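**Student:** Pasting a structure below so you can have a look.
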Amino acid sequence: MEKRPYWHCDTECYPNYWSIGFTSHEDPTRKYSFVKYNDSPLDIASIIYILSKVTIITFNGTFYDEPMILYALTGASNAQLHWLNDFIIVVNKGRPGWEIKREIQRNILAPYFNDGKNPKWFVMPSWLDMIDLADVAPGVKISLKVYMGRMHSATMIDLPIDPGTVITDADLALMERYRGNDEIGTYDLLTQIQDRVDLRVAMSDRYGIDLRSKSDAQIAEKVITHLVGFPIETPFWPHGTRFQYIPPAWMAFQTPRMQEVFEMVKNAVFETSDVEQMVESDRLDDNGKPVKVKTGIIMPPEIKSCRIKMGVTEYKFGIGGLHSMEKKRAWNADDGWEISDHDADSFYPRIILNERYYPKQIGPRFLEVYGDIVSERLEDKANTKYCFKMKDLAAACGNGQWESYWQAWGAHHNTGQGSRKIVINGSFGKFGSKYSKLFAPDLLIQTTITGQLSLLMLIEAFELSGIQCVSANTDGIVVRTPPGGAAIRDQVIKWWEGVTRHTTEQTNYTALYSRDVNNYLAITPEGKVKRKGVFAAVTLQKSPNNTICVEAVVEYLTKRTPLIDTITACRDIRKFVTIRAVKGGAVKDGVILGKAVRWYYSTKEMGTINARTSGNRVARSEGARPIMTLPDDLPDDLDYTWYLREATAMLEEVGFKNL
């Protein structure tokens, strides 16, 4: 694909105002903006010239900015542009974006952008090249403003003027500042996920299809359907379609309780649901009112309510995987006891291949394509490890030429294994999407229930062998082995791997502190800390929430550093902030803050932050001081006592009692 320089782009639209801005990624001081205000002339030629020379980087540009830009370049008036803006955002709210975009292309843009032969058939102009980061970023339906909070962008600005307002001369500079700040946010986001974009560029070159703006699941669907080699129709599953789970021949249980659970699962009836196909009489509650059911798969009530107690731990089934139900529990590896985490490698993909599960609309050809991708990934993974080992050896010998050679090949194989991992794991999510050509709800259930029952087989075997299972989550379990029991533990694992044809990876812990199965801290013998859920490090998938409190807890558990010492020694305001999305926007003391709010806890702040539309208090905002622009210095009104209480509560929530 043609390589162009990256420029960030954003557009804004009001009844009498439309603007577009460009900022160079390599040199953010290079900026251009064009405004159409009260039907003033738009410099269409200059905009097209810029678009023909660069790849524009947008956020949600696929479904909003792209059609708005193209319509503006047809010479549309401000009123027409605002009509299209409302058509996308207001009139069609709730509809899939691709449906709206297709309708706009066919009914509005096609007469202006076509092949010259059929004016009713839209053709994307060759001078427009765009990458949309909305699906590339590792989150689902996350706004750019929330991402900016998670990245600790310097300033968070929400829309300064309510949609639909007529813009005045006094508002122009404010709109320019707002749009420019969004371009900065897009710049920050691309910088954070450059590796994900680069990987998609490499995959686009490899497969000959544009994958640059796709999520992992979208890439999986595109690649697999491309490699299958024949047309695939998106299957239609009528609302209320029923089916049952069919277990593999090797699956069996030893205890009466688990045999009873196994029979219950085999006899249970799963059902597809689709709210778009439902009528009011489909499902009524005890009062005769329609039951709200989401599109997807209805879990049989007997499975949904099933609780399985083995040893010290209780488990429950889920659509996505098995979960244990521990709360506020702490385990330590002492007095000869061992704590070990056993994760199954590529758990669901391996089940699909082992049991030869495939979408009916594709047939066994799916397994050929999927199996080749899995094999190629394993080969690339091994080659990556080998190349980097040789690189380190060459570096130790002082041979720079061979070091560069092995570095390049290692990077090549690492890109290959990374791209194939996306396809392998991403395809699973599409089995549950009714809009996907891979849609196969029966396959989804076959895979996840097989995974859950196979883990329960392992747990049962451990408990019968005198080894405690203390946690289980989707593709792995944590066990506590008594003194002298390691050999038995390893035999059980080997037996299970042989029966199920899985491989597992073991990680030992010296301590495990769990608030619950999804939120815990695990400490390795080397002193490293595995952090999950609320205790995990801040990423694009997790908003900051008093990070300093988590750090204080980790320091206390690993080094016994007093909580207050860690908290007061910190000079970084970013570790004291909370980011919260507020539907409809938030307000504090009459000041509008926006739909993504950033705050810290202050000794001088009174009252709460409230939702702008409902007036309801934003959760945990008592004493919160908004900080939409990060200061250079630490505020002098930080409420250290609040953060100490929070850290103390976190310790108690993970079962630590000796504070």
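**Student:** Scan segment 235-257 for residues that are open to solvent by less than 60 Å² (accessible area, probe 1.4 Å), on the phi < 0 side of the Ramachandran plot and under 30 Å from the mean Cα position of the chain (by Cα) and jot them down.
**Tutor:** Once the filter is applied, which keeps residues that are open to solvent by less than 60 Å² (accessible area, probe 1.4 Å), on the phi < 0 side of the Ramachandran plot and under 30 Å from the mean Cα position of the chain (by Cα), segment 235-257 yields Pro235, Trp237, His239, Thr241, Phe243, Tyr245.
**Student:** Follow-up. What pairs come out if I take residues in segment 295-319 that are open to solvent by 20 Å² or more (accessible area, probe 1.4 Å) and pair them with residues that are of a type in the set (Gly, Ala, Ser) and in a strand (DSSP E or B) whose C-beta lies under 9 Å away, six or more apart or interchain?
**Tutor:** Between residues of segment 295-319 that are open to solvent by 20 Å² or more (accessible area, probe 1.4 Å) and residues that are of a type in the set (Gly, Ala, Ser) and in a strand (DSSP E or B), the close pairs are Thr295/Ser273; Gly296/Ser273; Ile297/Ser273; Ile298/Ser273; Glu314/Ser324; Lys316/Ser324; Ile319/Gly296.
**Student:** Out of all the residues in segment 36-62, which are open to solvent by 30 Å² or more (accessible area, probe 1.4 Å) and part of a loop (DSSP other than H, G, I, E, B)?
**Tutor:** If the condition is that a residue be open to solvent by 30 Å² or more (accessible area, probe 1.4 Å) and part of a loop (DSSP other than H, G, I, E, B), then Asn38, Asp39, Ser40, Pro41, Asp43, Phe59, Asn60 are the ones that fit.
**Student:** Right, something else. Tell me yes or no: at least one residue of segment 119-130 is open to solvent by less than 60 Å² (accessible area, probe 1.4 Å), assigned to a loop (DSSP other than H, G, I, E, B), under 30 Å from Ala596 (Cβ atoms) and touching a residue at least 60 places away in the same chain (Cβ under 8 Å). Working first, answer last.
**Tutor:** Here is the first cut: in segment 119-130, the residues open to solvent by less than 60 Å² (accessible area, probe 1.4 Å) are 122-123, 125, 127-130.
Now narrow it down to the ones that are assigned to a loop (DSSP other than H, G, I, E, B): 122-123, 125, 127-129.
Add one more test, that the residue is under 30 Å from Ala596 (Cβ atoms), and what stays is 128-129.
Those still in the list that are touching a residue at least 60 places away in the same chain (Cβ under 8 Å) too: 128-129.
So far as segment 119-130 goes, yes, one or more of its residues are open to solvent by less than 60 Å² (accessible area, probe 1.4 Å), assigned to a loop (DSSP other than H, G, I, E, B), under 30 Å from Ala596 (Cβ atoms) and touching a residue at least 60 places away in the same chain (Cβ under 8 Å).
**Student:** With the structure loaded, tell me whether Ser204 is within 30 Å of Phe439 (Cβ to Cβ), among the small types (Gly, Ala, Ser), open to solvent by less than 20 Å² (accessible area, probe 1.4 Å) and in contact (Cβ under 8 Å) with a residue 24 or more places away in the chain or whether it fails that test.
**Tutor:** yes
**Student:** For segment 63-93, name all the residues that are among the hydroxyl-bearing types (Ser, Thr, Tyr) and surrounded by 20 or more Cβ atoms within 10 Å (Cβ to Cβ).
**Tutor:** Matches in segment 63-93: Tyr64, Tyr71.
**Student:** Could you check Tyr405 against (1) among the hydroxyl-bearing types (Ser, Thr, Tyr); (2) within 34 Å of the chain's Cα centre (by Cα); (3) over 30 Å from Glu99 (Cβ atoms) and say which number it fails?
**Tutor:** (2)
**Student:** Looking at segment 219-234 only, could you name the residues that are open to solvent by less than 70 Å² (accessible area, probe 1.4 Å) and touching a helix residue (DSSP H, G or I) at 6+ places or on another chain (Cβ under 7 Å)?
**Tutor:** Result: Ile219, Ala220, Glu221, Val223, Ile224, Leu227, Val228, Ile232.
**Student:** What number of residues within segment 7-33 satisfy the criterion of being open to solvent by 30 Å² or more (accessible area, probe 1.4 Å) and not polar (S, T, N, Q)?
**Tutor:** 8
**Student:** Could I ask something else about it? Is there a residue in segment 607-629 that is touching a helix residue (DSSP H, G or I) at 6+ places or on another chain (Cβ under 7 Å), modelled with pLDDT of 95 or more, farther than 28 Å from Ala330 by Cα and of a type outside the set (Gly, Ala, Ser)?
**Tutor:** Checked segment 607-629: no residue is touching a helix residue (DSSP H, G or I) at 6+ places or on another chain (Cβ under 7 Å), modelled with pLDDT of 95 or more, farther than 28 Å from Ala330 by Cα and of a type outside the set (Gly, Ala, Ser).
**Student:** Another one. Could you list, in sequence order, all residues of segment 234-276 that are charged (D, E, K, R) and more than 30 Å from Ala461 (Cβ to Cβ)?
**Tutor:** Answer for segment 234-276, where residues must be charged (D, E, K, R) and more than 30 Å from Ala461 (Cβ to Cβ): Arg242, Glu271, Asp274, Glu276.
**Student:** Oh, and also: So Thr384 fits all but one of (1) β-branched (Val, Ile, Thr); (2) at pLDDT below 90; (3) more than 30 Å from Glu271 (Cβ to Cβ); what number is the exception?
**Tutor:** If we test Thr384 against (1) β-branched (Val, Ile, Thr); (2) at pLDDT below 90; (3) more than 30 Å from Glu271 (Cβ to Cβ), just (2) comes out false.
**Student:** Please go through (1) modelled with pLDDT of 95 or more; (2) open to solvent by 10 Å² or more (accessible area, probe 1.4 Å); (3) assigned to a helix (DSSP H, G or I) for Ser213 and return the number of the only condition it doesn't satisfy.
**Tutor:** (3)
**Student:** Then there's this: So which of Ala522, Ala486, Ala552, Ala536 ends up being open to solvent by less than 50 Å² (accessible area, probe 1.4 Å) and free of Cβ contacts under 8 Å to residues at least 24 places away in the same chain?
**Tutor:** Ala536
**Student:** Please go through segment 371-402 and give me each residue that is under 34 Å from the mean Cα position of the chain (by Cα) and on the phi > 0 side of the Ramachandran plot, ordered by number.
**Tutor:** Within segment 371-402, none qualify.
**Student:** Would you call Lys53 at positive phi and out of contact with any helix residue (DSSP H, G or I) (no Cβ under 7 Å at 6 or more places or on another chain)?
**Tutor:** Against the criterion (at positive phi and out of contact with any helix residue (DSSP H, G or I) (no Cβ under 7 Å at 6 or more places or on another chain)), Lys53 does not qualify.
**Student:** Name every residue in segment 322-331 that is within 16 Å of Arg307 (Cβ to Cβ) and open to solvent by less than 40 Å² (accessible area, probe 1.4 Å), in order of residue number. Let's see the steps before the verdict.
**Tutor:** Here is the first cut: in segment 322-331, the residues within 16 Å of Arg307 (Cβ to Cβ) are 322-327.
Answer for segment 322-331, where residues must be within 16 Å of Arg307 (Cβ to Cβ) and open to solvent by less than 40 Å² (accessible area, probe 1.4 Å): Leu322, Ser324, Glu326.
**Student:** Does Ile184 satisfy the condition of being aliphatic (A, V, I, L, M) and either crowded, with 19+ Cβ neighbours inside 10 Å or part of a helix (DSSP H, G or I) (or both)?
**Tutor:** For Ile184, the condition - aliphatic (A, V, I, L, M) and either crowded, with 19+ Cβ neighbours inside 10 Å or part of a helix (DSSP H, G or I) (or both) - is met.
**Student:** From the list Gly116, Gly139, Gly164, pick out the single residue that is open to solvent by 30 Å² or more (accessible area, probe 1.4 Å), in a loop (DSSP other than H, G, I, E, B) and more than 26 Å from Ala79 (Cβ to Cβ).
**Tutor:** Details: Gly139 fails: open to solvent by 30 Å² or more (accessible area, probe 1.4 Å); Gly164 fails: more than 26 Å from Ala79 (Cβ to Cβ).
Exactly one residue qualifies, and that residue is Gly116.
**Student:** Continuing with this model, one more query. Examine segment 441-450 for a residue that is farther than 28 Å from Lys294 by Cα, acidic (Asp, Glu) and either in contact (Cβ under 8 Å) with a residue 24 or more places away in the chain or crowded, with 21+ Cβ neighbours inside 10 Å (or both), and state whether such a residue exists.
**Tutor:** We begin by selecting, within segment 441-450, every residue farther than 28 Å from Lys294 by Cα; these are none.
Among the residues of segment 441-450, not one is farther than 28 Å from Lys294 by Cα, acidic (Asp, Glu) and either in contact (Cβ under 8 Å) with a residue 24 or more places away in the chain or crowded, with 21+ Cβ neighbours inside 10 Å (or both), which makes the answer no.
**Student:** Could you list all residues from segment 332-342 that are farther than 14 Å from Pro525 by Cα and either touching a helix residue (DSSP H, G or I) at 6+ places or on another chain (Cβ under 6 Å) or buried (at least 18 other Cβ atoms within 10 Å of the Cβ) (or both)?
**Tutor:** His342
**Student:** Name the residue, out of Arg356, Arg365, that is open to solvent by 60 Å² or more (accessible area, probe 1.4 Å), more than 30 Å from Tyr315 (Cβ to Cβ) and at pLDDT 95 or above.
**Tutor:** It is Arg365.
**Student:** Quick check on my filter: what residues within segment 574-610 are open to solvent by 10 Å² or more (accessible area, probe 1.4 Å), among the small types (Gly, Ala, Ser) and in contact (Cβ under 8 Å) with a residue 24 or more places away in the chain?
**Tutor:** Result: Ala581, Gly584.
**Student:** Any residue in segment 622-643 that's under 17 Å from Cys549 (Cβ atoms) and touching a residue at least 12 places away in the same chain (Cβ under 8 Å): show its pairings with residues that are assigned to a loop (DSSP other than H, G, I, E, B) and among the hydrophobic types (A, V, I, L, M, F, W, C) at Cβ separation under 6 Å, as long as the two are six or more apart or on different chains.
**Tutor:** Within 6 Å, the pairs are Ala624/Ile609.
**Student:** Is it the case that Asp182 is under 16 Å from Lys145 (Cβ atoms) and in contact with a Leu (Cβ under 9 Å, 6 or more places away or on another chain)?
**Tutor:** For Asp182, the condition - under 16 Å from Lys145 (Cβ atoms) and in contact with a Leu (Cβ under 9 Å, 6 or more places away or on another chain) - is met.
**Student:** Further, regarding this structure: Would you be able to tell me the number of residues in segment 456-483 that are over 28 Å from Lys294 (Cα atoms) and either hydroxyl-bearing (Ser, Thr, Tyr) or touching a Leu at 6+ places or on another chain (Cβ under 6 Å) (or both)?
**Tutor:** Going through segment 456-483 one residue at a time, the tally reaches 3.
**Student:** Let me ask another. For segment 79-104, how many residues are part of a helix (DSSP H, G or I) and on the phi > 0 side of the Ramachandran plot?
**Tutor:** Here is the first cut: in segment 79-104, the ones part of a helix (DSSP H, G or I) are 79-91, 97-104.
Next, from what is left, pick out any that are on the phi > 0 side of the Ramachandran plot: none.
Count: 0.
The values are calculated or read from the model by the stated rules, or taken from the named source; none is laboratory data. Fair warning: this is a prediction, and the values are worked out from it, not measured in the lab. A quick note on method: Cβ atoms are made from the backbone with ideal geometry, for glycine too, and the neighbour counts reach across all protein chains shown. The protein model used for the area step is the full one, side chains on, heavy atoms only, and it has no ligands, DNA or RNA in it. Shrake-Rupley method; radii C 1.70, N 1.55, O 1.52, S 1.80 Å.
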